[in-house]
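The values are calculated or read from the model by the stated rules, or taken from the named source; none is laboratory data. Just so we're clear, the structure is a prediction, and the values are computed from it rather than from any experiment. Don't worry about glycine lacking a Cβ; one is built from the backbone with ideal geometry, like all the others, and counts go over all protein chains shown. Heavy atoms of the whole protein, side chains included, go into the accessibility calculation; ligands, DNA and RNA do not. Shrake-Rupley method; radii C 1.70, N 1.55, O 1.52, S 1.80 Å.
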Amino acid sequence: MVIDDEMSMREFLSIMLEKEGYSVVAVDNGSDAIESIKKNNFDLIITDIKMPKVTGIDILKESIMMYPHTPVIMITAYASTDVAVEAMKLGAYDYITKPFKVDEIKIIIKNAIERKTLLDENFSLKEELKGHSHFFNIIGKSYKMHRVFELIQKVANGKSTVLITGESGTGKELVARAIHYYSERRDKPFVSISCSAIPETLLESELFGHQKGSFTGADSDKKGLFEVADGGVFFLDEVSEASLSIQVKLLRVLQEKEFKRVGGVNDIKVDVRIIAATNKNLRNAITEGKFREDLYYRLNVIPIELPPLRERKEDIPLLVSHFLNKYKSMNKKDIKGVSTHAMEMLERYKWRGNVRELENVIERAVILETTDSIQSQSLTDEIKEYTTEPPPVISYVPSKGLNLDEYIGEIERNIIINTLKKTGWIKKKAADLLNLSFRSFRYKLQKYHIEKKE
Ligand SMILES: Nc1ncnc2c1ncn2[C@@H]1O[C@H](COP(=O)(O)OP(=O)(O)OP(=O)(O)O)[C@@H](O)[C@H]1O
Ligand SMILES: [Mg+2]
């Protein structure tokens, strides 16, 4: 469905989509659109944001309520991208800014529809997976991780490029390996390379190989990793770190499945499935001119987003016992479990390093522990202090950057908890002490999930 009050835009999109083989319903106003959305489960909705009376945002909200799987793409003029970002937060699939490039829209549309099909099919898969606490060797029973498991199964046998995103330590590489494992390519190589670990000139020859004599030190022909991966899966880790010139070459591999060796003249054809991963926001990198938009669309055919550990706390006890088992046998220690207090601290902690950090903490605790269950004393200072003290006030920004909202939030949360402790958890008193209305105080309690632990 195409919704725009401008006739030229409606016609342009309708003609383009019909040429691509889709059937299109086009309407010129929001209220007719909503009427129609109530009656039909569209595969895709493309709507202008700015329209008189009923806006694109109204349509988006209605559609998400009725058919959460239907992707909604927003059209916006350059001047109003703020609204577009708002729309993304509300659950829009993507937005396109006017004037736009036809090729890009085509890819966005194709991806959106592919994703809807996946989500629809996943409904039945979800039933099968219910109650499982792991998949391949990925531990998790949270709803968010189950969504990831379903996606892995669904996409394993396709050829489409997968883009795995998520903070450091959330298991991106594990997911890439799981996709390989469940695919028809499992007996073929899984080749992985991190674009950040290797200097640019070397990276190019690592990826594509080189011809003898093409640069100092190239004293023989060398196969690139793309050739090594032929028939299998190529895992391109930290793809945001690839230089712009490497990006151009990657684009070519994705589009034509061919490339040249460094210093070579012949095109080499390969059959590889590409899985890319990044812990950066590629959209920001695009805005900053560090990442090619066309490459992004090629990579992001099937996005898999790994949730940070703090957003799936119900997985923490499972992960803890998994790592506990692993490290107690490695260290030949007879540790039966984790004390309630220690577990509480583990569940409360922020886990900026996600599962990797949790694993390290458990390994260390197993080594340090002298009783037969992990006590809070064996946890790191960071975890112990996290529950009691506010984060240190810093006057400089660490070189790896800082998430200001999270940082301020943490301070705010700590002040609130300490105030509540002071008032014996009488909320009204605490709100008064902090000079907040009761309403906004209550809002903050919800926001930070603060409740009195019995
Ligand atoms: N759900 C999980 N279950 C079991 N182990 C996990 C899980 N997620 C991550 N791990 C483990 O945590 C460690 C980090 O995972 P991985 O290397 O896949 O993270 P990543 O997302 O690639 O991180 P980075 O961005 O830093 O490269 C690995 O040892 C992995 O086995
Ligand atoms: Mg990784």
Looking only at the range 411-454, and only at residues there that are polar (S, T, N, Q) and not in a helix (DSSP H, G or I), the one that is modelled with the lowest pLDDT: Thr423
Breaking point among (1) buried (at least 16 other Cβ atoms within 10 Å of the Cβ); (2) more than 16 Å from ligand 1 (Cβ to nearest atom), for Phe149: (2)
Matching strands (runs of 3 or more DSSP E) fully within the range 214-283 where at least 2 residues are among the β-branched types (Val, Ile, Thr) and touching a strand residue (DSSP E or B) at 6+ places or on another chain (Cβ under 7 Å): 273-278
In the range 31-50, residue most open to solvent (accessible area, probe 1.4 Å) [restricted to those that are farther than 19 Å from Ile105 by Cβ and not in a helix (DSSP H, G or I)]: Asn41
Residue in the range 171-187 that is farthest from Arg310 (Cα to Cα), counting only those that are more than 9 Å from ligand 2 (Cβ to nearest atom) and in contact with a helix residue (DSSP H, G or I) (Cβ under 7 Å, 6 or more places away or on another chain): Arg186
Val239 vs. criteria within 16 Å of ligand 2 (Cβ to nearest atom), outside the structural domain of Trp351 (by TED's automatic domain parsing) and either under 28 Å from Ile316 (Cβ atoms) or without any contact (Cβ under 8 Å) to a residue 60 or more places away in the chain (or both): no
Within the range 398-454, tally of residues that are under 31 Å from the mean Cα position of the chain (by Cα) and charged (D, E, K, R): 10
When residues of the range 198-213 are limited to those that are part of a helix (DSSP H, G or I) and at pLDDT 85 or above, the one surrounded by the fewest Cβ atoms within 10 Å (Cβ to Cβ): Leu202
Among residues of the range 351-370, those that are in contact (Cβ under 8 Å) with a residue 24 or more places away in the chain, in a loop (DSSP other than H, G, I, E, B) and either open to solvent by 90 Å² or more (accessible area, probe 1.4 Å) or more than 16 Å from ligand 1 (Cβ to nearest atom) (or both), counted: 2
Hits in the range 11-23 (condition: over 19 Å from Ala92 (Cβ atoms) and open to solvent by less than 70 Å² (accessible area, probe 1.4 Å)): Ser14, Met16, Gly21
Residue pairs meeting the criteria (Cβ under 6 Å; at least 6 apart or on separate chains; first in contact (Cβ under 8 Å) with a residue 40 or more places away in the chain and within 10 Å of ligand 1 (Cβ to nearest atom), in the range 271-282; second part of a strand (DSSP E or B) and open to solvent by less than 10 Å² (accessible area, probe 1.4 Å)): Ala277/Ile164
Condition met for Ala285 (crowded, with 16+ Cβ neighbours inside 10 Å, touching a residue at least 60 places away in the same chain (Cβ under 8 Å) and closer than 29 Å to Glu150 by Cβ): no
Matching option when the condition is modelled with pLDDT of 85 or more and touching a strand residue (DSSP E or B) at 6+ places or on another chain (Cβ under 9 Å), among Ile64, Ile34, Ile46, Ile107: Ile46
